[in-house]
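Data first, discussion second: the structure below is written as structure tokens.
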Amino acid sequence: MQPLLQATALAPTLVSASIPSPDWSGFDIPLPWGSLRIHAYALCILAGIVVGLWLTSVRWAKRGAPEGSVWDIVIWAIPFGIIGGRLYHVVSSPDAYFGPGFDGTGDLSLIPQIQRGGLGIWGAVVLGAVGAWIGCRRSGVKLSAFVDAAAPGLLLAQAIGRWGNYFNQELFGGPTTLPWGLQIDANNPNFPAGMPADTLFHPTFLYESLWNLAGVLILLALDRRFTFRRSRLFWLYAMYYTLGRVWIEAMRIDDAEQISILGITTRLNVWTSIFVFLAALTAFILLGLKGRPDPDTVYLAGREPDKAVTMGPHAGTVTEVRDPDNVVSDSDSRGNLPDNHSGSRHASDPTEEAEAAPAGRKPGADATAAGHSGSTATEPAPEAGTGK
């Protein structure tokens, strides 16, 4: 009876539970001429990049990629991705920058201020892929191999970076009475006008973060099972992400560009997700018809690393590299040199040539012909018939 009474007493608390609005959004670094504001949004993006790069580098190394090439690639991909993400956001939500209906009442100076939020994933992926292609070409590796290695890490970076929306109190969903409803400060510019101050909203940032984390595990499991190649894992990532983005984006109530297609009007990001899903599905199927690449290598054709041994002038033979510091040749004609010379032997010592001598020839005949016992050879004998 007592546990039941305790549970009844806790019921109102559970019903009124919610995700509180953040009371911290960054910190200031004092400088001689003022201060530098470090925003929590930027820290979340940075943390996502670091963790995503860690996972990518581990997977890239397992593919046999050249050491350090991941950094040569991402040094191009990350700046391109940030620029592309910002440009997509500006195009998809232009009112703040150009004014409603492009009437010129917007503020163009806000475009480079990414610390305020606003990075579109599709612009980041497209332009980031351009940067990755440049880095891959310079490193001599295939872009398709790299994006397969990077796909789970990219989704992991998005899962962490999405928490920046929480600290900015932006991009939330409609009102809800669910116990995980999100509180938004009533004096925040993003708080919907006309709604009660205690209104709770769907935490779409949390939905997408959890969706992405689940996707990381799914991609890793599928890749372990099927070992996707030819960028198929990347297209699988695109399908998974857009599948979740459609329903999550449809819940949001922030201002966004609306597009009408076939009489259906919805947010631009919803239509983009649908089209990307269809394109990714098509690419995934078509690439699957080609089978696995042969040879299965991360290197571009003609950019493979040098082999440890080089082929000799005759097919099937290997050229040996002799030690240039060897004073004495390994020719049997040196067999009568003193024993204190490295690699020396006497003519009477058994040799590989003697053991392999044709029938009818006496062992050591070649050595005897090369020089008499007690005399020192002045010229090396020809290495005929060694087979090396």
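Would you confirm whether any residue within segment 214-229 is surrounded by fewer than 17 Cβ atoms within 10 Å (Cβ to Cβ), over 16 Å from the mean Cα position of the chain (by Cα) and within 30 Å of Arg116 (Cβ to Cβ)?
Among the residues of segment 214-229, at least one is surrounded by fewer than 17 Cβ atoms within 10 Å (Cβ to Cβ), over 16 Å from the mean Cα position of the chain (by Cα) and within 30 Å of Arg116 (Cβ to Cβ), which makes the answer yes.
Report every pair of residues separated by at least 6 positions or lying on different chains whose Cβ atoms are under 6 Å apart, first residue within segment 208-226 and free of Cβ contacts under 8 Å to residues at least 60 places away in the same chain and of a type in the set (A, V, I, L, M, F, W, C), second in a helix (DSSP H, G or I) and buried (at least 17 other Cβ atoms within 10 Å of the Cβ).
As it stands, the answer is Trp211/Gly244; Leu213/Ala159, since those pairs meet every condition given.
Go through Trp163, Trp180, Trp133 for me and flag whichever is closer than 16 Å to Tyr207 by Cβ, within 21 Å of the chain's Cα centre (by Cα), hydrophobic (A, V, I, L, M, F, W, C) and open to solvent by 10 Å² or more (accessible area, probe 1.4 Å).
Exactly one of Trp163, Trp180, Trp133 is closer than 16 Å to Tyr207 by Cβ, within 21 Å of the chain's Cα centre (by Cα), hydrophobic (A, V, I, L, M, F, W, C) and open to solvent by 10 Å² or more (accessible area, probe 1.4 Å), namely Trp163.
Looking only at segment 99-120, decide whether some residue is open to solvent by less than 50 Å² (accessible area, probe 1.4 Å), closer than 30 Å to Arg229 by Cα and either of a type outside the set (Gly, Ala, Ser) or within 15 Å of the chain's Cα centre (by Cα) (or both). Break it down stepwise before answering.
The initial filter retains those residues of segment 99-120 that are open to solvent by less than 50 Å² (accessible area, probe 1.4 Å), namely 99, 106, 110-111, 113, 117-118, 120.
From what's left, closer than 30 Å to Arg229 by Cα: 120.
Next, from what is left, pick out any that are either of a type outside the set (Gly, Ala, Ser) or within 15 Å of the chain's Cα centre (by Cα) (or both): none.
Looking through segment 99-120, none of the residues is open to solvent by less than 50 Å² (accessible area, probe 1.4 Å), closer than 30 Å to Arg229 by Cα and either of a type outside the set (Gly, Ala, Ser) or within 15 Å of the chain's Cα centre (by Cα) (or both).
Name the residues in segment 267-299 that are touching a helix residue (DSSP H, G or I) at 6+ places or on another chain (Cβ under 8 Å), among the small types (Gly, Ala, Ser) and more than 25 Å from Leu171 (Cβ to Cβ), would you?
Ala283, Gly288
In segment 173-206, what residues are in contact (Cβ under 8 Å) with a residue 60 or more places away in the chain and in a strand (DSSP E or B)?
Gly173, Leu182, Gln183, Leu200
Give all pairs with beta carbons closer than 6 Å in which a residue from segment 96-107 that is within 12 Å of Glu257 (Cβ to Cβ) and part of a loop (DSSP other than H, G, I, E, B) meets a residue that is at pLDDT 85 or above and open to solvent by less than 60 Å² (accessible area, probe 1.4 Å); count only pairs at least 6 apart in sequence or on separate chains.
As it stands, the answer is none, since no pair meets every condition given.
Is it the case that Phe275 is under 23 Å from Arg162 (Cα atoms), part of a helix (DSSP H, G or I) and at pLDDT 95 or above? Steps first, please.
Working: under 23 Å from Arg162 (Cα atoms): yes; part of a helix (DSSP H, G or I): yes; at pLDDT 95 or above: yes.
Answer is yes for this residue.
Taking Arg63 as the residue in question, decide whether it is among the basic types (Lys, Arg), open to solvent by 50 Å² or more (accessible area, probe 1.4 Å) and either within 16 Å of Arg116 (Cα to Cα) or touching a residue at least 60 places away in the same chain (Cβ under 8 Å) (or both).
The answer is yes for Arg63.
Report every pair of residues separated by at least 6 positions or lying on different chains whose Cβ atoms are under 7 Å apart, first residue within segment 254-281 and in contact (Cβ under 8 Å) with a residue 40 or more places away in the chain and open to solvent by 60 Å² or more (accessible area, probe 1.4 Å), second part of a helix (DSSP H, G or I) and not polar (S, T, N, Q).
Asp255/Asp95; Glu257/Leu268; Leu281/Met239
For segment 230-253, what are the residues that are open to solvent by 60 Å² or more (accessible area, probe 1.4 Å) and either within 16 Å of Ala283 (Cβ to Cβ) or of a type in the set (A, V, I, L, M) (or both)?
Arg230, Trp235, Leu243, Ala250, Ile253
Kindly indicate the residue of segment 136-146 that is assigned to a helix (DSSP H, G or I) and open to solvent by 40 Å² or more (accessible area, probe 1.4 Å) and also nearest to Phe234 (Cα to Cα) among those meeting that condition. Break it down stepwise before answering.
Pass one, segment 136-146, residues assigned to a helix (DSSP H, G or I): 136-139, 143-146.
Subsequent filtering for residues that are open to solvent by 40 Å² or more (accessible area, probe 1.4 Å) retains 137-138, 143-144.
Working: Arg137: 19, Arg138: 21, Leu143: 11, Ser144: 8 Å.
By that ranking, first place goes to Ser144.
The values are calculated or read from the model by the stated rules, or taken from the named source; none is laboratory data. Since the model is a prediction, treat every value here as computed from it, not as a measurement. Methodologically, a virtual Cβ is constructed for each residue, glycine included, from the backbone with ideal geometry; neighbour enumeration extends over all protein chains shown. Keep in mind that these areas ignore ligands, DNA and RNA; they rest on the heavy atoms of the full protein, side chains included. Shrake-Rupley method; radii C 1.70, N 1.55, O 1.52, S 1.80 Å.
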